[in-house]
Structures are given as structure tokens and as C-alpha cells.
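I have placed the structure first, in the form of C-alpha cells, so that the comments after it can refer back to it.
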Amino acid sequence: MNIKKKYTTQKGSLRFTVRPSRERGRADFGWLKSAHSFSFGEYYDPQHMGFGNLRVINDDIVTGGKGFGRHPHKNAEIFSYVLEGALEHKDSLGNGSVVSAGGVQYMSAGSGVTHSEFNPSSTDKMRFLQIWLMPARQNTKPAYDTIDLSNDDKSGKLKLFLSRDGRNGSMTTQADASVYAATLEDSQAISTDLKVGRKGWVQVANGSLNVNGIALSKGDGLAIDGSGPLTFDQGNAAEILFFDLAR
């Protein structure tokens with residue numbers, strides 16, 4: 001991702017670049033409304049092609065009874081973080097599941113898989129973040145998994161749910177990445193460190209918060225380069241994903 005200087009702040013050994021919600025690409029198909037943090041589909045911006053091995057963040061709203069018909073994927077690590085409603089999945093591996101708000105479904109496309117995703121409710125909309133990560137190895141065996149995250153799991157702390165080594169009960173991915181969810185309110189604060197040789201990204205799913213004093217709101221992204229301590233605080237109904245990524 002090329003850096004737009006007006007959104008970049010240097011703090012010690014860390015450089016922060018805000019990706020404002022209002023500047024994301026937009027798509028409206030009637031049944032689907034989507035905001036793209038990076039180039040996707042008909043939205044193309046050479047300054048926003050991904051960040052490290054993070055390639056896609058789509059904030060999708062799907063009307064009742066609609067969804068994505070059967071389509072193929074290959075060599076992409078894809079997960080859906082459900083924020084409202086429920087998401088139904090079926091694939092060529094024989095998997096089928098319905099993941100509700102607070103849950104995550106993950107698919108390692110590897111050497112190739114086809115799948116479909118639908119809103120199983122005929123009346124209620126559903127909202128989810130669709131994320132693509134690039135795998136460290138090509139053409140691995142496809143896989144599928146789900147996990148449910150309770151409010152307690154992520155309240156005031158980073159809950160690991162996807163990692164290369166499957167540690168701490170997380171789902172295992174072929175991408176060199178660790179992905180966490182967290183919620184923050186009032187006096188809650190979270191501290192962590194971004195290690196040398198890594199990159200970080202924060203995606204605000206809901207609410208607002210500060211990261212090292214930088215104010216972020218719903219839909220904003222924050223690219224982090226360098227290494228050093230990170231502090232998440234000043235949360236107001238905040239829900240975030242934090243990505244620890246390969247460079």
C-alpha cells in the first residue's frame with residue numbers, strides 16, 4: 001500500500017497510516033452493499049492493493065434470502081467475521097454450516113475449492129467482514145473450520161482466533177498471520193507489542209477507539225509499520241480486528 005502522507009503519523013519507531021472509512025471503495029448491487037478497504041472487483045486503486053499478506057477486507061451487508069452463489073477460489077486464506085445476523089456456507093468439500101454473529105468461518109482454498117455463502121434469513125439483513133490473506137505456500141490441501149467467540153472472550157483483551165500454528169485453540173491458517181478480535185468500552189485498555197519484522201493492521205468493525213493516541217471510528221483501518229508497543233484505549237462500543245502480519 002502506498003502511503004498518503006496526510007494520513008501518516010510517526011511515533012517513535014512506529015509509523016501509522018489511517019485508511020479512512022469514507023475513502024473505501026463502494027459497491028451497491030441492491031441485495032449487497034459493500035465497502036472495500038483494498039482494490040476488489042470493479043474497484044481499483046493502485047495505492048490500495050493490500051498490506052503485507054493481507055489482500056482483502058470487504059465490509060458486506062446482505063439482504064434477507066440473498067447471497068453469493070457457487071464460485072471457485074484457489075490459493076487464498078478466506079475468513080468471514082459475522083457482525084449481524086447469520087451466514088450459511090456450503091462447499092465442494094462437503095462442509096455446510098451456519099455461523100451467527102460473534103462467529104468466524106474460515107476456508108483455506110489451497111489447490112482449489114468452490115463454495116457458496118448466503119443469508120439464511122428471509123427477512124433480516126446480515127453483516128460480515130470478508131477477509132483474504134495470502135498463503136505462505138501454494139496449492140495446499142483445502143480446509144474449512146469455524147469458531148464462536150463469546151463476549152467474554154474478547155472484552156478488553158485480544159482474542160486470538162486464527163494463526164499459523166493453531167496456538168491457544170485458534171484455527172490454523174496457511175498464511176503467516178495471527179488475527180485477533182477485541183471489544184473495548186470506557187476504561188478498558190489493551191497493550192501489546194508489534195515485533196521486529198512484522199506489520200500490523202487494525203480494522204474497526206464497530207464503535208470508536210484510540211490506538212497509540214490515534215482516533216479511529218467504524219470502518220477505519222490503520223496500517224502499522226515498524227516495531228514497538230501498541231495501546232488500544234478510549235473505546236466507545238468498539239469492536240476491532242487486529243492483524244499481526246508477515247512483511
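The values are calculated or read from the model by the stated rules, or taken from the named source; none is laboratory data. Keep in mind that this is a model prediction, so the values were computed, not measured. Neighbour counts run over all protein chains shown; Cβ positions are idealised from the backbone, glycine included.
Taking Val56 as the residue in question, decide whether it is surrounded by 19 or more Cβ atoms within 10 Å (Cβ to Cβ), in contact with a Leu (Cβ under 7 Å, 6 or more places away or on another chain), on the phi < 0 side of the Ramachandran plot and β-branched (Val, Ile, Thr).
Numbers: surrounded by 19 or more Cβ atoms within 10 Å (Cβ to Cβ): yes; in contact with a Leu (Cβ under 7 Å, 6 or more places away or on another chain): no; on the phi < 0 side of the Ramachandran plot: yes; β-branched (Val, Ile, Thr): yes.
Considered against the rule, which asks whether it is surrounded by 19 or more Cβ atoms within 10 Å (Cβ to Cβ), in contact with a Leu (Cβ under 7 Å, 6 or more places away or on another chain), on the phi < 0 side of the Ramachandran plot and β-branched (Val, Ile, Thr), Val56 comes out as no.
So how many residues does the range 14-45 have that are at positive phi and in contact with a strand residue (DSSP E or B) (Cβ under 8 Å, 6 or more places away or on another chain)? So that I can check it myself, show each step before the final result.
Step one: filter the range 14-45 for residues at positive phi, giving 30, 41.
With the extra rule that they be in contact with a strand residue (DSSP E or B) (Cβ under 8 Å, 6 or more places away or on another chain), the set shrinks to 41.
Here the count works out to 1.
Please pick out the residue among Gly41, Gly25, Gly50 that is under 28 Å from Gly200 (Cβ atoms) and touching a His at 6+ places or on another chain (Cβ under 7 Å).
Values: Gly41 fails: touching a His at 6+ places or on another chain (Cβ under 7 Å); Gly50 fails: touching a His at 6+ places or on another chain (Cβ under 7 Å).
Only one candidate qualifies: Gly25.
Within the range 118-167, can you find the residues that are under 15 Å from Ala181 (Cα atoms), small (Gly, Ala, Ser) and surrounded by 15 or more Cβ atoms within 10 Å (Cβ to Cβ)?
Gly156, Ser163
If you check Ser187 against the conditions, is it surrounded by fewer than 16 Cβ atoms within 10 Å (Cβ to Cβ), hydroxyl-bearing (Ser, Thr, Tyr) and more than 30 Å from Ile61 (Cβ to Cβ)? Before the answer, list the steps.
Values: surrounded by fewer than 16 Cβ atoms within 10 Å (Cβ to Cβ): yes; hydroxyl-bearing (Ser, Thr, Tyr): yes; more than 30 Å from Ile61 (Cβ to Cβ): yes.
In short, yes.
Within the range 6-19, is there a residue that is within 28 Å of Thr123 (Cα to Cα), at pLDDT 95 or above and either within 20 Å of the chain's Cα centre (by Cα) or outside any loop (DSSP other than H, G, I, E, B) (or both)?
In the first step, residues of the range 6-19 are kept if they are within 28 Å of Thr123 (Cα to Cα); the result is none.
No, that holds for no residue.
Here are some residues: Val211, Val196. Which one is at pLDDT 95 or above, touching a strand residue (DSSP E or B) at 6+ places or on another chain (Cβ under 8 Å) and either over 23 Å from Asn151 (Cα atoms) or not acidic (Asp, Glu) (or both)?
Values: Val196 fails: touching a strand residue (DSSP E or B) at 6+ places or on another chain (Cβ under 8 Å).
Result: Val211 is the single residue among Val211, Val196 that is at pLDDT 95 or above, touching a strand residue (DSSP E or B) at 6+ places or on another chain (Cβ under 8 Å) and either over 23 Å from Asn151 (Cα atoms) or not acidic (Asp, Glu) (or both).
Going by what's in this entry, would Gly30 be described as outside any strand (DSSP E or B), out of contact with any helix residue (DSSP H, G or I) (no Cβ under 7 Å at 6 or more places or on another chain) and in contact (Cβ under 8 Å) with a residue 60 or more places away in the chain? If you could, list the steps in order and put the result at the bottom.
On the way: outside any strand (DSSP E or B): yes; out of contact with any helix residue (DSSP H, G or I) (no Cβ under 7 Å at 6 or more places or on another chain): yes; in contact (Cβ under 8 Å) with a residue 60 or more places away in the chain: no.
Taking the combined requirement at face value, the residue does not satisfy it.
Answer with yes or no whether Gly200 is among the small types (Gly, Ala, Ser), in a strand (DSSP E or B) and crowded, with 17+ Cβ neighbours inside 10 Å.
On the way: among the small types (Gly, Ala, Ser): yes; in a strand (DSSP E or B): yes; crowded, with 17+ Cβ neighbours inside 10 Å: yes.
Yes.
Could you check the range 222-247 and list, in sequence order, the residues that are assigned to a strand (DSSP E or B), more than 18 Å from Gly207 (Cβ to Cβ) and among the small types (Gly, Ala, Ser)?
Correct list: Ala223, Gly226, Gly228, Ala246.
Looking only at the range 205-221, count how many residues are among the aliphatic types (A, V, I, L, M), in contact (Cβ under 8 Å) with a residue 40 or more places away in the chain and crowded, with 21+ Cβ neighbours inside 10 Å.
The first filter runs over the range 205-221 and keeps only residues among the aliphatic types (A, V, I, L, M), leaving 205, 209, 211, 214-216.
Subset that is in contact (Cβ under 8 Å) with a residue 40 or more places away in the chain: 205, 211, 214, 216.
Retained after the next criterion (residues that are crowded, with 21+ Cβ neighbours inside 10 Å): 211, 216.
Going through the range 205-221 one residue at a time, the tally reaches 2.
Given the criteria under 19 Å from Leu241 (Cα atoms) and among the acidic types (Asp, Glu), does Asp28 qualify?
On the way: under 19 Å from Leu241 (Cα atoms): no; among the acidic types (Asp, Glu): yes.
For Asp28, the condition - under 19 Å from Leu241 (Cα atoms) and among the acidic types (Asp, Glu) - is not met.
Looking at (1) among the aliphatic types (A, V, I, L, M); (2) touching a residue at least 40 places away in the same chain (Cβ under 8 Å); (3) out of contact with any Lys or Arg (no Cβ under 6 Å at 6 or more places or on another chain); (4) surrounded by fewer than 20 Cβ atoms within 10 Å (Cβ to Cβ), which is the one condition that is false for Ile61?
Result: Ile61 fails condition (3) only.
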